[in-house]
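The values are calculated or read from the model by the stated rules, or taken from the named source; none is laboratory data. Please read these numbers as outputs of a predicted model, since none were measured by experiment. All Cβ positions, glycine included, derive from the backbone under ideal geometry; neighbour counts span all protein chains shown. For the accessible areas, the whole protein counts, side chains as well, though only heavy atoms, and no ligand, DNA or RNA atoms are used. Shrake-Rupley method; radii C 1.70, N 1.55, O 1.52, S 1.80 Å.
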Protein chains: 2
Amino acid sequence: MLRNCLAGGRSILAETRQLITRAFREEFAYRRKADQSWVTEIDVAVERLVRDRLAQHYPGHGVVGEELAEQNRTAEFTWVIDPIDGTANLRHRIPLFGTILALFQHEQPVLGLIDIPLLDKLYSGGKGLGVWCNDRAVPSLDDSATADPCAFADELISLGGRSQFLAAGVPQFFDEMMGSHPYVLPYGDCFGHGLVIEGAFGAMADFDLRVWDVAAAQALVPEAGGKFLCWRQRGENPLEARYDVIFGRPRVVDWLAGRLP
Amino acid sequence: MLRNCLAGGRSILAETRQLITRAFREEFAYRRKADQSWVTEIDVAVERLVRDRLAQHYPGHGVVGEELAEQNRTAEFTWVIDPIDGTANLRHRIPLFGTILALFQHEQPVLGLIDIPLLDKLYSGGKGLGVWCNDRAVPSLDDSATADPCAFADELISLGGRSQFLAAGVPQFFDEMMGSHPYVLPYGDCFGHGLVIEGAFGAMADFDLRVWDVAAAQALVPEAGGKFLCWRQRGENPLEARYDVIFGRPRVVDWLAGRLP
């Protein structure tokens, strides 16, 4: 069942990639939403396409997405969609954005897919199925058995944008990391998530996220041998809540978490 | 003459792109240099290839590069090479790095080329020849005649890394920009330079650079209608000096420069 859904998700993302790659070269409309974040017509077209395909292939499943209304959310299986994660980049034609798709079973994420169309990278996998970057299994993120002391100063760390840490009430964590760590790169959104999954970043702290932002990483990182720490969930309803998360190689995650107030 | 050199530079970067794309997929050696920055065997192989080709095609020209010794620097025409700009990214297999090539005539940059191999982007152009991203002329960066007040808060701003501003003695400028501007993205090195040239970023402040880091942007930005401000040059010898520069759309550059101490 999960294997079938993973294949289905991959084939849907092959279609959305075509749509995005074509639309990215042309003019497209964009506007600000009530929360001041951007939405483009590409975001909406991608979410519609994903929902069409899910309705065809998995009619009994629930669907939750960033841009359109939720459907059948009490189903055992629910898909979560972020059609464009990193819309501010897309709007400025910076190729660091992607599409996130995840499957929840009984409110637990069991499959995750992140497609970065312009970089030709599809991260995908799920519970018991391994984690893949395109058609290669990613190396294990598990550093817990390493005898050497971890050289944290050599680790590349990714952070979300400062405004996310401000919204989460811990801007000083961002400022201290930027001021003290030699290799902090705020390559955010799912582009950053993918680089954690590949092992390029030791860990990423990404705060003030919605469920569709985090769902795929939450499924993929532990399956790749990494640690996914939900440092704080603000709000009880999973669809309304804000998530402050840290994920990556276990010892780097613990080290980062130890620097939080 | 310049047109011929531009064509020559493009053909050399087509070769280095092949070398880099192939080597990026394999294992490669890397080490820290005395200044703690990274160098990989790819950096050195690229610079050797560029120098070989320049020696064949332009035997009378001077050559200055990041990794190897200068040659014939008193010639009327001198090529400046940064084989890999963004080596820390390359070392971690993050595809945001590139090769910079520029031609100086009488110490003035007259041609600039920036190749981002993994993103399939070649920015190139020169004095009187226009500026191109792949085979399309880039839109003009000139905003000086715009009647509307510039909405600086809507402009995407790029900054180099905090350590660069610290080295230049103005870390507070970095901290204030990060803390106050809603769209600051530290997409540094030549990946950021290219995004300024394309118009995605309103402007970029990139500090504590060497001549091979800035030379191409210095040739391309004014030719594209933008402003290249050398806010400060620290050191008189151009090969030893550190450059603190701001470049992009003229009004955004002036606005950014106005926030410096």
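For the range A:75-82, indicate whether the set of residues that are within 14 Å of chain B (Cβ to nearest Cβ) and among the charged types (D, E, K, R) is non-empty. For the range A:75-82, residues within 14 Å of chain B (Cβ to nearest Cβ) and among the charged types (D, E, K, R): absent.
Does the range B:157-164 include one or more residues that are open to solvent by 50 Å² or more (accessible area, probe 1.4 Å) and either at pLDDT 90 or above or in contact with a strand residue (DSSP E or B) (Cβ under 6 Å, 6 or more places away or on another chain) (or both)? Within the range B:157-164 (the criterion being open to solvent by 50 Å² or more (accessible area, probe 1.4 Å) and either at pLDDT 90 or above or in contact with a strand residue (DSSP E or B) (Cβ under 6 Å, 6 or more places away or on another chain) (or both)), the answer is yes, since at least one residue qualifies. Of all residues in the range A:252-261, those satisfying the criterion of being outside any helix (DSSP H, G or I) and touching a helix residue (DSSP H, G or I) at 6+ places or on another chain (Cβ under 9 Å) are A:ARG259, A:LEU260, A:PRO261. Considering (1) out of contact with any Leu (no Cβ under 6 Å at 6 or more places or on another chain); (2) under 19 Å from B:GLY130 (Cα atoms); (3) buried (at least 24 other Cβ atoms within 10 Å of the Cβ), the lone condition that B:ASP206 does not fulfil carries the number (2). Could you please find all residues in the range A:12-40 being touching a helix residue (DSSP H, G or I) at 6+ places or on another chain (Cβ under 8 Å) and assigned to a helix (DSSP H, G or I)? Answer for the range A:12-40, where residues must be touching a helix residue (DSSP H, G or I) at 6+ places or on another chain (Cβ under 8 Å) and assigned to a helix (DSSP H, G or I): A:ILE12, A:GLU15, A:THR16, A:ARG17, A:LEU19, A:ILE20, A:THR21, A:ALA23, A:PHE24.
Sort out which residues of the range B:170-191 are under 13 Å from B:LEU260 (Cα atoms), touching a residue at least 40 places away in the same chain (Cβ under 8 Å) and either within 9 Å of another protein chain (Cβ to nearest Cβ) or open to solvent by less than 50 Å² (accessible area, probe 1.4 Å) (or both), and write them in order of number.
Result: B:VAL170, B:PHE173, B:MET177.
Taking the residues in the range A:26-40 that are exposed (fewer than 10 other Cβ atoms within 10 Å of the Cβ) and modelled with pLDDT of 85 or more as candidates, determine which candidate is nearest to the chain's Cα centre (by Cα).
Looking at residues that are exposed (fewer than 10 other Cβ atoms within 10 Å of the Cβ) and modelled with pLDDT of 85 or more, I get A:ARG31.
Here B:THR87 meets the list (1) without any contact (Cβ under 8 Å) to a residue 60 or more places away in the chain; (2) more than 14 Å from every other protein chain (Cβ to nearest Cβ) almost entirely, failing just condition (2). Scanning the range B:1-13 for residues that are open to solvent by 40 Å² or more (accessible area, probe 1.4 Å) and either in contact with a His (Cβ under 6 Å, 6 or more places away or on another chain) or in contact (Cβ under 8 Å) with a residue 60 or more places away in the chain (or both) returns B:ARG3, B:ARG10. Of the residues B:GLY199, B:GLY128, the single one that is within 13 Å of chain A (Cβ to nearest Cβ) and either open to solvent by 10 Å² or more (accessible area, probe 1.4 Å) or within 15 Å of B:LEU260 (Cβ to Cβ) (or both) is B:GLY199.
The number of residues in the range B:131-156 being closer than 22 Å to B:GLU223 by Cβ and open to solvent by 70 Å² or more (accessible area, probe 1.4 Å) comes to 8. Evaluating B:GLN108 against the criteria (1) free of Cβ contacts under 8 Å to residues at least 60 places away in the same chain; (2) touching a strand residue (DSSP E or B) at 6+ places or on another chain (Cβ under 8 Å); (3) polar (S, T, N, Q) leaves one unmet condition, (2).
Restricting attention to the range B:204-251, the residues being assigned to a loop (DSSP other than H, G, I, E, B), under 20 Å from B:VAL110 (Cα atoms) and among the small types (Gly, Ala, Ser) number 4. If you go through the range B:93-118 and pick out every residue that is within 14 Å of chain A (Cβ to nearest Cβ) and surrounded by fewer than 19 Cβ atoms within 10 Å (Cβ to Cβ), you end up with 1.
In the condition set (1) facing chain A (nearest Cβ under 10 Å); (2) more than 19 Å from the chain's Cα centre (by Cα), B:SER163 is compliant with all but (2). Might you let me know whether the range A:90-97 holds any residue that is within 27 Å of A:ALA241 (Cβ to Cβ), out of contact with any helix residue (DSSP H, G or I) (no Cβ under 7 Å at 6 or more places or on another chain) and in contact (Cβ under 8 Å) with a residue 12 or more places away in the chain? Yes, some residue in the range A:90-97 is within 27 Å of A:ALA241 (Cβ to Cβ), out of contact with any helix residue (DSSP H, G or I) (no Cβ under 7 Å at 6 or more places or on another chain) and in contact (Cβ under 8 Å) with a residue 12 or more places away in the chain. Among the residues of the range B:178-198, the ones that are in a helix (DSSP H, G or I) and within 16 Å of B:PHE247 (Cβ to Cβ) come to 10 in all.
Filtering the range A:247-255 for residues that are away from chain B (no Cβ under 14 Å) and surrounded by fewer than 17 Cβ atoms within 10 Å (Cβ to Cβ) leaves a non-empty set.
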